[in-house]
1. Pop out the ³J(HN,Hα) list for the range 110-119 in order, Karplus 6.51 cos²θ - 1.76 cosθ + 1.60 with θ = phi - 60°, rounded to Hz; leave Gly and Pro as x.
2. Quick one: which residues, 5 or more positions from residue 16 or on another chain, have an amide H under 5 Å from its amide H? H modelled 1.01 Å from N in the peptide plane, none for Pro or chain starts.
3. From the phi of every residue in the range 62-71, what ³J(HN,Hα) in whole Hz does the Karplus formula 6.51 cos²θ - 1.76 cosθ + 1.60 yield, where θ is phi - 60° and glycine or proline is x?
4. Compute the FRET efficiency between residue 13 and residue 61 as 1/(1 + (r/R0)^6), taking r as their Cβ-Cβ distance and R0 = 22 Å, and round to the nearest 0.05.
5. Stretched out fully, how many nm does the piece from residue 52 to residue 113 gain, at 0.36 nm a residue minus the Cα gap?
6. Do you know the relative contact order of the chain, to the nearest whole percent, from alpha carbon pairs under 8 angstrom that are 6+ apart?
7. Separation of the range 1-31 and the range 38-57 by C-alpha centroid, Å?
8. Could you pull the accessible area for residue 45 with a 1.4 Å probe, rounded to 10 Å²?
Amino acid sequence: QVQLVESGGGLVQAGGSLRLSCTASGIIFSINAMGWYRQAPGKQRELVATITSGGDTNYVDSVKGRFAISRDNAKNTVYLRMSSLKPEDTAVYYCNADVKTIGYSGLRNYWGQGTQVTVSS
């Protein structure tokens, strides 16, 4: 019904930057909160940043001042601009969204397939 497709991951040196994108497609009526999570090897998935449909943002402390989340509601797309990257930012980054689909009154939560970000020291 709804697919989230991420792009923009890759290999970057410490101190570098990357921008992740995630676009939602399908029978979408509206999208509430969107966010980015990450999972490093051997660790639990953690919240990185979220953004509401109105643009309110929230970040995990470890990325504050370095990462910026934004969205384009017309394109059903959320972005994560990552700067001053550190080796400990290495993880698979997942997009997440709360979506109201056409013909269904409630919200459903969807995940993307993930994109690898590797930061070398």
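1. Result, ordered by residue: 10, 10, x, 7, x, 9, 7, 10, 10, 10 Hz.
2. The answer is 85.
3. Coupling constants for the range 62-71: 5, 10, 4, x, 10, 10, 9, 9, 8, 8 Hz.
4. On the way: r = 24 Å, r/R0 = 1.08.
Efficiency for this residue pair is about 0.40.
5. Values: separation 61, 0.36 × 61 = 21.96 nm, distance 2.12 nm.
That works out to 19.8 nm of additional length.
6. Numbers: 306 pairs, mean separation 43.6, N = 121.
This gives 36 percent for the chain.
7. That distance is 12 Å.
8. For residue 45, the solvent-accessible surface is approximately 90 Å².
The values are calculated or read from the model by the stated rules, or taken from the named source; none is laboratory data. Everything quoted here is computed from the prediction, not taken from an experiment. Note that we place each Cβ from the backbone using ideal geometry, even for glycine, and neighbour counts take in every protein chain shown. We work out accessible area using only protein heavy atoms, side chains counted, and drop any ligands, DNA or RNA first. Shrake-Rupley method; radii C 1.70, N 1.55, O 1.52, S 1.80 Å.
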